[in-house]
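Below is one structure, written out as structure tokens; the observations come after it.
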Amino acid sequence: MNTPLPPPGAERTDGSSVQIGALVPLTRPGWVEAGRHLLAGLELAVREVNDAGGIVGRPLELLVRDTAADPQRAAAAVDELARLGVAALAGEYHSVVARAAAARADALGLPFLCSSAVLDALTEQPTEWVARLAPAQSHGWRIYADFLLGAGHRRIALAADSSAYWASGARVLRDHLAPRGGAVIELDMRALAPAAVCDALVDARATALLLLVGYPEPAVSIVKAVRRDQRLAEIMIGAPAGQPELAGWATSLGGDGAAIPFLRYLPERLGPRGARVETALRERLAEAPSFVAFEGYDTIAVLADVLRSHGADRARTAGAWARVAVEGTRGHIRFSRAPGISVWQWAWPPVQVVDRDPADPDRFRILHAG
């Protein structure tokens, strides 16, 4: 006999679990390593919530769905999870995928706390149903542009794939750098092989190359080609989207992957809660946790606090974003309406520009903070 599902958004009072739908890239072409870290943070926080008594005595449960970096698959997962009666959605790493999930969540009246995606236009219109922990792309990438200018770079080439995310990033960089004397040269990676990128960099007299491309390919091949071209011995390679953050980067590139500045969303020093969570995540992952894992943990910390205070009713959850005040792993989390951002936004998590130390690629050097 099948137990009937409760009406969407209804409060369960029978002692059953409070369910949160989790959207995570776990298979290719999604960035599986990022998905694994995101899920580790989500699961660790759920375990701790349940060890502390759950949501007013009811266990918290994750219903995990693999998005595989596919917007249509993510939208279908949102539909399914909504029918199953989840109280809220959490997660997602890829911006274009998160945008599709946010659109469906908004249409269905399902609260969605986005963990990692940074695309400014997460929804087409302002919405009360969606909130985000990661900084908006315009915020983080402007900080990265300031780092480039401070390091003396004025002729900056972009090896760019075609997607809304990369196009948005290129626009942020161009708009921020041009008034400050920076020139941006865009290289269309749909038309150029890595060797041709090297020739284009020489012709453009670029001092920096930014990787606005997917990982592992073509990012790895571009880095290897540039590192081996003696004409480009002085050029700086950068990766504002954060590809070098995860261990697979160092495994793929070794020393070639060092000294490539990227954005990450961690404070210079973690507080007591962050340090404790870092230890637990390291044990769970069997490697150093990335900022993505902390984003996952903080997502559940926020949702658990809202659910305890306002119950599992979807409308009450969405109405509570403005009242969130949670001590996360990376600072005090509050949501507000940031100018130009269509969702409730933590403005802002800590932002750093870091790279892997050439003398020890497992060690990160903080180059700039915003």
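The values are calculated or read from the model by the stated rules, or taken from the named source; none is laboratory data. All figures in this text were calculated on a predicted structure; none of them were measured in a lab. Cβ atoms come from the backbone with ideal geometry, glycine included; neighbour counts cover every protein chain shown. Accessible surface areas use protein heavy atoms only, side chains included; no ligands, DNA or RNA. Shrake-Rupley method; radii C 1.70, N 1.55, O 1.52, S 1.80 Å.
So how many residues does region 332-345 have that are open to solvent by less than 60 Å² (accessible area, probe 1.4 Å) and either out of contact with any helix residue (DSSP H, G or I) (no Cβ under 7 Å at 6 or more places or on another chain) or in a loop (DSSP other than H, G, I, E, B) (or both)? Number satisfying all stated conditions: 6.
Residues in region 38-59 that are touching a residue at least 40 places away in the same chain (Cβ under 8 Å) and open to solvent by less than 40 Å² (accessible area, probe 1.4 Å): 11 in all.
When you go through (1) of a type outside the set (A, V, I, L, M); (2) within 26 Å of Val96 (Cβ to Cβ); (3) over 22 Å from the mean Cα position of the chain (by Cα); (4) not in a loop (DSSP other than H, G, I, E, B) one by one for Trp166, which number turns out not to apply? Checking Trp166 against (1) of a type outside the set (A, V, I, L, M); (2) within 26 Å of Val96 (Cβ to Cβ); (3) over 22 Å from the mean Cα position of the chain (by Cα); (4) not in a loop (DSSP other than H, G, I, E, B), the one that fails is (3). The condition (being buried (at least 19 other Cβ atoms within 10 Å of the Cβ) and assigned to a loop (DSSP other than H, G, I, E, B)) is satisfied by just one residue among Tyr144, Tyr215: Tyr215.
The single condition among (1) touching a helix residue (DSSP H, G or I) at 6+ places or on another chain (Cβ under 8 Å); (2) surrounded by fewer than 24 Cβ atoms within 10 Å (Cβ to Cβ); (3) outside any helix (DSSP H, G or I) that Ala159 does not meet is (2).
A single entry from Ala82, Ala88 fulfils the requirement of being under 19 Å from the mean Cα position of the chain (by Cα), hydrophobic (A, V, I, L, M, F, W, C) and open to solvent by less than 40 Å² (accessible area, probe 1.4 Å): Ala88. Residue selection: Val223 satisfies the criterion of being open to solvent by less than 40 Å² (accessible area, probe 1.4 Å), part of a helix (DSSP H, G or I), in contact with a helix residue (DSSP H, G or I) (Cβ under 7 Å, 6 or more places away or on another chain) and within 29 Å of Thr27 (Cβ to Cβ). In this structure, does Ser138 turn out to be assigned to a loop (DSSP other than H, G, I, E, B), closer than 23 Å to Gly214 by Cβ, touching a helix residue (DSSP H, G or I) at 6+ places or on another chain (Cβ under 7 Å) and polar (S, T, N, Q)? It is false that Ser138 is assigned to a loop (DSSP other than H, G, I, E, B), closer than 23 Å to Gly214 by Cβ, touching a helix residue (DSSP H, G or I) at 6+ places or on another chain (Cβ under 7 Å) and polar (S, T, N, Q). Working only within region 198-212, note down all residues that are touching a residue at least 40 places away in the same chain (Cβ under 8 Å) and open to solvent by less than 20 Å² (accessible area, probe 1.4 Å). Within region 198-212, Leu201, Ala204, Ala206, Ala208, Leu209, Leu210, Leu211, Leu212 qualify. Selection of region 346-370 for residues being touching a helix residue (DSSP H, G or I) at 6+ places or on another chain (Cβ under 8 Å), part of a loop (DSSP other than H, G, I, E, B) and surrounded by fewer than 16 Cβ atoms within 10 Å (Cβ to Cβ) yields only Pro358. Screening Gly271, Gly311 for residues that are open to solvent by less than 60 Å² (accessible area, probe 1.4 Å) and at pLDDT below 95 leaves exactly one candidate, Gly311. As a summary of the residue check, Ala178 satisfies the conditions (1) closer than 11 Å to Ile156 by Cβ; (2) in contact (Cβ under 8 Å) with a residue 24 or more places away in the chain; (3) hydrophobic (A, V, I, L, M, F, W, C) except for the one numbered (2). Residue check: Leu266 meets all listed conditions (1) modelled with pLDDT of 95 or more; (2) on the phi > 0 side of the Ramachandran plot but one, namely (2). The condition of being touching a Phe, Trp or Tyr at 6+ places or on another chain (Cβ under 6 Å) and either open to solvent by less than 50 Å² (accessible area, probe 1.4 Å) or within 23 Å of Ala107 (Cα to Cα) (or both) holds for only one of Thr329, Thr317, that being Thr329.
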